[in-house]
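The values are calculated or read from the model by the stated rules, or taken from the named source; none is laboratory data. All values derive from a computational prediction rather than experimental measurement. Glycine also receives a Cβ, built like all others from the backbone with ideal geometry; neighbour counts cover every protein chain displayed. For accessibility, only protein heavy atoms count, side chains too; no ligands or nucleic acids. Shrake-Rupley method; radii C 1.70, N 1.55, O 1.52, S 1.80 Å.
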Amino acid sequence: MAVKELKPVKAAVNALTKIELEAATSASDGFVFKLPRVSDEYVVVIIENTDTATKTVSIKAPTDGSYAAVSSDLTESLAAGEKRIFRLESARYANRDGSVKIVPAATTVKVAVLY
């Protein structure tokens, strides 16, 4: 299978912005997206577990991160139907090229990226 590439959506000011949460093509390959700018603290990831059982999702530690990059993944469990947001700190979770990887436990975990 292949990594599902997400396109960050620019949220308009004082307007309702339409978003679509997307499923990964393959849970083991997950998602990847590029920050709109390499240094960007205004990116928010929306995550929803559409399954009827608890599932996990991991924001992967960068493989080529900056001096402040985390060394381990951020993994959380989401109950059935639960939604979460993650405000991303690029210095901690993005690779030097601005890419970020997210890996869900199942394709029933859907994701959207906003900035």
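So for each of 19-31, 76-88 I average, over its residues, the number of other beta carbons within 10 Å; can you give me the resulting order with the highest mean first?
Numbers: 19-31: 15.9, 76-88: 13.6.
So the peptides 19-31, 76-88, ranked by packing, come out 19-31, 76-88.
Treating only the Cβ atoms of Lys and Arg (+1) and Asp and Glu (-1) as charged, compute the dipole magnitude of the chain about its Cα centre; round to the nearest 20 debye. Could you put the intermediate results ahead of the total?
Numbers: 15 positive and 14 negative charges, 46 e Å.
Dipole magnitude for the chain comes out near 220 debye.
Roughly speaking, what is the centre-to-centre gap between the stretch 61-92 and the stretch 1-51 when only Cα atoms are used, to the nearest Å?
Using only Cα atoms to place each centre, the spacing works out to 13 Å.
Say a paramagnetic label sat at a point 7 Å from the Cα of Met1, along Cα to Cβ; which residues of the stretch 37-75 have their backbone N under 18 Å from it?
Only 47-60 fall inside the zone, counting backbone N under 18 Å.
May I ask you to list the lysines whose Cα is less than 25 Å away from that of Lys18, ignoring any residue fewer than eight positions away on the same chain?
Qualifying lysines at Cα under 25 Å: Lys4, Lys7, Lys10, Lys34, Lys83, Lys101, Lys110.
Ignoring ligands, DNA and RNA, what accessible area per residue does the stretch 1-81 give at 1.4 Å, in Å²? Before the final figure, lay out each step's value.
Working: 5000 Å² over 81 residues.
Ligands and nucleic acids excluded, the result is 62 Å² per residue.
With each run of n ≥ 4 DSSP H residues scored as -39500 (n - 2.57), what mean residue ellipticity at 222 nm is computed for the chain after dividing by its residue count and rounding to the nearest 500 deg cm²/dmol?
Working: 1 runs with 4 residues, N = 115.
That calculation yields -500 deg cm²/dmol at 222 nm.
Each label point is 7 Å from the Cα along the Cα-to-Cβ direction; what then is the distance between the points at Ile85 and Ala61, in nm?
Distance between the two pseudo-spin positions: 2.8 nm.
Taking the Cα centre of the chain as the origin and placing charges on Cβ (Lys, Arg +1; Asp, Glu -1), which of Val111, Pro36, Ile47 is farthest toward the positive end of the dipole?
Result: Pro36.
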